[in-house]
Amino acid sequence: MITPVQVAVQITVQIVLVVAGAPLLTGMMRQVRARLEGRAGAGVLQPWRDLRKLARKEPITPQGTGWVFRLAPLVAAATVLVVAAVVPLTGTTSPLAGVGDLFAVVALLALGSVALALGGLDTGTAFGGMGASREMTVLALVEPTILMSIFALSVRVGSTNLGAIVTRTAEDPLDVVSPVSLFAAAALAIVTIAETGRIPMDNPATHLELTMIHEAMVLEYAGPDLALIEWASAARLGVLLGLLASLFAPWGIAGVGAGLAAVALAALILVIKVAVLGALLAAGEVFMAKLRLFRVPELLAGSFLMALLAVSASFFLG
Amino acid sequence: MTPMTLMTWLAAAPIGIPALAACGYALLGWNRVTAWFGAAAAILLLASAIALAATGPGEVAWGLLRADSLSVFMLIVIGAVAVPAMLAGPSYLAAEVARGHTGPRATRRYGVLTQGFIAAMALAVLASNLGVMWVAVEATTILTAFLVGFRKTRQATEAAWKYVVICSVGIALAFLGIVVTHYAALHAHVPAAYALDGATLAAHAAGLDGGVMRIAAVLLVLGFGTKAGLAPMHAWLPDAHSQAPAPVSALMSGVLLSVAFYAILRVKVITDAALGQTAMRVLLVAAGLASLAVAAALLLAQRDYKRMLAYSSIEHMGLLALAAAIGGRLATAALLLHVLGHGLGKSALFLSSGQISQAVGSTRVDAVRGLATRAPIVAATFAAGLVAIVGLPPFSLFASELGIVRAGFAAGLGWVMAAGLLLMLIIVGAMGRHGRRMLLGTGPAQAGAEATPVARAPVFAMLAGLGACAILGVTLGPLAPVLRAAVTIAGGTP
Amino acid sequence: MSEGLYVPLLDLGCGAFLLAGVLVLWRRDLMAIVGLFALQGMALAAVVVLLGVHQADAELIAVGVGVGVLRAGLLPYLMRRALAASGEGRETQPLVNVATSLLVAAALAMLAYAVAQPLIRLSPTPATQAVPVALTVLLVGFFVLVTRRRALSQVVGFLLIDNAITATAFLTTSGVPLVVELGVSLDVLLAALVLQVLTTRMRAAFGGTDLDELRELHD
C-alpha cells in the first residue's frame, strides 16, 4: 500500500537531490575534464559559487524585450523541477501516476527548450535568433527518436508509464541485454547528449559564438535569470542521466512500499550511478572533438535509426 | 562393365573431361599441341552427351548428378557450341599473340579458364541438387571474370568489374531463393537429404507453403534472370560479351545464358506445381517483354557490331522467357529448339565477328565496309549467321519462333505476342540494316585486310554449326525422342 | 541449453549482426567499415554456434566455427591487405549522403519486416522470427552496393548481402546441406579474390578505384 507519507518522502528526496546535486554534477564533470587535461580544476563546488555570485547581481533585461524573455528561465526551471518530482529516480512508486509517463516527461523537457528558444528570439539579436533556430533544429531531430525509443521500451511492458517500465526491467534483468533495450539505450544516450548540449553536438564551454547552439540562445541573459538557466541546464542533464540509469540499470531502486531506509539507499546508489555516467561523459568529451554542425543531423539520423530498429526488434524478436 | 557404371562414367565425362583438359593446360601451358586440347575435350563432351542420349536417361552417381533428358539436351547444346568455339580458339589466340596483345601466362590462363568454364556449365546442367546447380552457375561467373577482362585494357577491366559485381549479386538472390525453397521443403515433410533435389521437390511441390514459395519464385527468377541477361538486370551483358575474346563470347552468349535459363526452367517446374502457372507467367512475361524492348531500343542506333550481337542475345533470352511463360508442350518444345538454334547461330556470329575484328582492328560498324568483297568467306558465315539469328527460314530459329508465337496465341496471350512480334520486327529491321552496311558497299582502300589469312578449322566448324541449324529447321532427326522427353520434364504437360 | 538463456542470446547475436550492418552506412573510413564487417562475421558465427549448441548438433557447431574463420578472419584479412596496398582510406562522397542513407536504412528495415511475414508464419520459432534482421542487412547491403563509389565499398556491400543470405539459411533451416555450404563458401571466397585482383587492375588502368571513372563502355 502506498501511503501519502512515502510519496511525499520520495518526491522530497528526488527534488532535493536534483536541486542540490545538479550543480555538483556539473562541477564534478568539469573537474574530471580538468584532471584529464592536466589542470588542477576549480573544484566541485565552483558551479554553486558561480550561481551564488550571479544570483546576487541586479536583474537586468535588454531593452525591447517583453514578458516572454523574463518568463523563459522560470518555465525552463519549473519544467525540470516537475520532471524531477515525477520520474522514478529513487523508487518505482509513481507519486503522480498519470504524469510519470515518458510522453509527459519528454513534452515537459521540450517545453523548457521551447521557452528558452522563444526567450532567445525575443531579444531580437543575431545570436539569439541563430541559437534558437539551431536549438529547434536539434529538437526537431531529437523528438522522433525519443518517441521511437519510448515505443520500443513500452511495447514489452504494454504501458508508457515510467514506473511500470522500470519495475519490469528491475524484475527481469536479462531484458537489459536484449537488442531492443540496447538499441534504445544507444539512441537515448545520443539524444541525451544532444538535448543537454554536450560535445559532440555542442560545446557548453565555448566562447566562439559562431559554433554555439545552446549558449548562443542565452547570450543576453544576466544575473539571477542566468543563474536560473544555468541551474536548469545542469538539472536537466542530471535528470536525464538519472532516467537513463533507471531505465537501463535499475539495480538498487526502491520498489513499491519500500521503507525509508530503502529510499535512502536508493538515493545513494542513484548518486553513484549518475556520477559514474557523468564522469564517463566528461571523459568522452576530452577525447572527442565537436562535430561540425552539418554532421549533427547524421548522428541524430543514426540515433533515429537505432530507435526504429529497437521498435522493430521489439516486434519481431519479441 | 555393367550398364550402371557405364552410365556413371558417361554422366561424369562431360564434367571430368574439360576438367582434365584444364589440368593439362595448367601443367603444360599453351603451345601448338596443347592448343587443340580444348577442341578435343569439347568433341569428347559432345560425344558423351550423344552417348547419354542413346543409352537413355537415368539416375546416377553419388546422388548429386542426374542425367535426365533435359540435362542431356542441354549437354548437347553445350557440346554443339563448345566445339566450334574451341576450334576457333587456337587461331584466335595465335593472332592475338602475333599482335603482342597477350603473352604465354595469359594464354595458359585462357586454356585453364575456358575448360573450367565448360566443366562448370556441364555440372550446372547435370546437378540434381538445386544448391549444387547454383554453385556451378556462380562458378561460371568467377571462371569467366578474367576471360572477360582478358585484354586488361580499361574497357575490359570495367566490363569484368560490372560483370562480376552484377552477376554475383544477382545470383546471390537466387541462392536466397533456394534457401527459402529449402525451408518450405523441410516444413512440407520432404526428407532432409532430398530437400533440395529438383525431382523430389517437383514431386512434393503441392505441399509447399504458398506464401513462402511466392517469395522464392521472385528471388529465383530475379537471380537466374540476371545471369540469363533478362532485362532489367541485363546491364552487364553487352559490356561483358563485347569485351571477351570471340570464342569466349560465343560460349557465353551461345550457352551460358541458356544454362542460366535452364535453371529457371528447373525452378519453374516446382513453382508451377506449388503456385499454379500464373505467378511465374506474370514475372516471365514482364521480363521477356522488357528484354525485347531494351534490345529493340538499343539495336536501332547501335554502332558496335559485337554489342549488336550481345543485344540480340538479350532479345533471344526475352523470347525464351515468353516461351516459358506460355508453358505447355508446344511452347516448351519451341523453347528448347530455340536454345539449340540460338547457340549454333550466335556462336557462328561471334566467331566470325572475332575474325572480322582481328582483320579490321575495330569493332565499330562504320569501320567495316564491303566485307563481302574484302573477305568473302568470313562475310558468308557472318551473313548466314545473321540470317539465322533474325529468324529467317530455313534455319531452325524460324521454326521455333513460329512455334512460340502460335503457342502464345493459343494460350490466350495474344496481346503479349502482338507486342513481342512488333518488337521483333524492329529488331530484324535494325540488324538487317547494320548487316547490310557491314557486308555490302565498297570498302576503304586498305591493304592488309585482305592479307589476313582465314584459319580453316573454325570456318568449317561454323559452317557445320549453321548447317545443323538449317537442318534442324526442317527435321529434328535423331534428336526428336530426346527433345520430346525433355519437354515432358520441363513441365510440358499437355 | 536452457530455453531461457537461448532466446536472449540468439536475439543479442542477431542484434549485433544488424547493428554492424547498419553502422557500415554510417562510417566513411574504409578501414572501420572492414572492421565492422569482421564484427558482423563474428556475430554470424556466434549465432550459428548457438544454434548448434541449442540443437546439440556437433556438425552445426563445426560449420559455425568455419563460418567465423571465413567471414571474420579470412575475408576481412583479404580486404585489409587490398586496402593497405591501395592507400585509399576513405569513401569520398557517397551518392546519397549519410543522414539520408540512415533514414533509408530505417525504411528498409520496415520493408524487410513486411516481406518476411510469410516466412515467419510458416514456423514461428525464435530463430525464424529473427529472419527480418537478416533481410534488413540484405537490403542495406544492396543500398551500399548501389550508392557507394569506392570499389572496396562495393565489395563490402556484396559480402553484406552474402552474410545476410547465410544468416537466413541458418535461421530458417539451420543451414543448407554441407556440400552446398562448402561450395557456396568457396564461391564467395573466390569472388572476393577475383574482385580484389580486378581492383588492382582497375588502379593500374584508371589510376584509382573510384567507380565513377568506369565510363568507357556505354551505348
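Only the coordinates and a few stated rules stand behind these numbers; no lab work does. Please read these numbers as outputs of a predicted model, since none were measured by experiment. FYI the Cβ positions are ideal-geometry reconstructions off the backbone, even for glycines, and counts take in every protein chain you see.
Rounded to whole numbers, the Karplus 3J(HN,Hα) couplings from phi for the stretch B:482-490 are 4, 4, 4, 5, 5, 4, 4, 5, 6 Hz, using 6.51 cos²θ - 1.76 cosθ + 1.60 with θ = phi - 60°, and x at Gly and Pro. Summary value for chain B: 16 percent relative contact order, contacts being C-alpha pairs under 8 angstrom separated by 6+ residues. Taking other Cβ atoms within 10 Å as a rough exposure proxy, B:Leu392, C:Leu19, A:Leu51 sort from fewest to most as B:Leu392, A:Leu51, C:Leu19. Taking A:Ala164, A:Ala266, A:Ala42 as the candidate residues, the one with maximal mean-square fluctuation in a Gaussian network model of chain A, Cα springs under 10 Å, is A:Ala42. By the beta-carbon count within 10 Å of each Cβ, the least crowded to most crowded order of B:Ser69, B:Ser400, fewest first, is B:Ser69, B:Ser400. The alpha carbons of the stretch A:122-269 give a radius of gyration and a Dmax of 18.3, 54 Å, in that order. Distant-in-sequence amide contacts of A:Ala254, defined by a placed amide H-H separation under 5 Å and a gap of 5 or more residues or a different chain, comprise A:Gly91, A:Thr92. Based only on Cα atoms, what Rg/Rh ratio does the protein assembly as shown have, Rh being taken as Kirkwood's radius? With Rg and the Kirkwood Rh in hand, the quotient comes to 1.09. Both numbers refer to the Cα atoms of the stretch C:3-213; Rg and Dmax are 17.2, 57 Å.
What the Cβ-Cβ distance of C:Arg27 and C:Ala84 gives, at R0 = 22 Å and to the nearest 0.05, is a FRET efficiency of 0.80.
Gap in Å between the Cα centre of the stretch B:221-256 and the Cα centre of the stretch A:1-54? Measuring centre to centre over Cα atoms gives 70 Å. Comparing C:Val176, C:Val48, C:Val156 in a Gaussian network model of chain C, where Cα atoms under 10 Å apart are tied by springs, the biggest mean-square fluctuation is seen for C:Val176. Within 10 Å of the Cβ of each residue in C:9-15, the mean number of Cβ atoms contributed by other protein chains is 5.
Hey, quick one: spin label on B:Ala410, modelled 7 Å out along Cα-Cβ, who in the stretch B:270-309 has an amide N within reach, i.e. under 16 Å? Nothing falls inside the zone, counting backbone N under 16 Å. Taking A:Leu25, A:Leu162, A:Leu74 as the candidate residues, the one with maximal mean-square fluctuation in a Gaussian network model of chain A, Cα springs under 10 Å, is A:Leu74. Inter-chain neighbour count for B:168-181: the average number of beta-carbon atoms from partner chains within 10 Å of each residue's beta-carbon is 6. Using the Cα coordinates of the stretch A:4-316, the gyration tensor eigenvalues translate into equivalent-ellipsoid semi-axes of 30, 23, 19 Å, sorted from longest to shortest. Listed by chain and number, the lysines whose alpha-carbon sits under 29 Å from that of B:Lys268, ignoring those within fewer than 8 places in the same chain, are B:Lys162, B:Lys227, B:Lys346. Note on chain B: helix-only mean residue ellipticity at 222 nm, from DSSP H runs of 4+ residues weighted -39500 (n - 2.57) and normalised by residue number, equals -26000 deg cm²/dmol. Derived scalar couplings between HN and Hα for the stretch B:397-411 equal 5, 5, 4, 5, 5, 4, x, 4, 5, 4, 4, x, 5, 5, 8 Hz in order, rounded to whole Hz, by the Karplus curve 6.51 cos²θ - 1.76 cosθ + 1.60 (θ = phi - 60°), x for Gly and Pro.
Treating each Cα of chain B as one equal point scatterer and applying the Debye formula with no solvent, the log10 of I(q)/I(0) at q = 0.10, 0.12 Å⁻¹ comes out as -0.69, -1.01. For the stretch C:3-213, the Cβ-based charge dipole about the Cα centre amounts to some 520 debye (Lys, Arg positive; Asp, Glu negative; other atoms uncharged). From least to most packed, judged by other beta carbons within 10 angstrom and beginning with the fewest, A:Met148, B:Met424, B:Met317 follow the order B:Met424, A:Met148, B:Met317. For the stretch B:144-157, the Karplus equation 6.51 cos²θ - 1.76 cosθ + 1.60, evaluated at θ = phi - 60°, returns couplings of 8, 4, 6, 6, 5, x, 4, 7, 6, 7, 4, 4, 5, 5 Hz by residue, with Gly and Pro reported as x.
Less than 5 angstrom separates the built amide H of A:Asp101 from those of A:Leu162, all sequence-distant by 5 or more or on a different chain. Per-residue shielding of B:242-255, expressed as the average number of other chain Cβ atoms within 10 Å of the residue Cβ, stands at 0. Convex hull volume of the Cα atoms of the stretch A:247-318, normalised per residue: 129 Å³.
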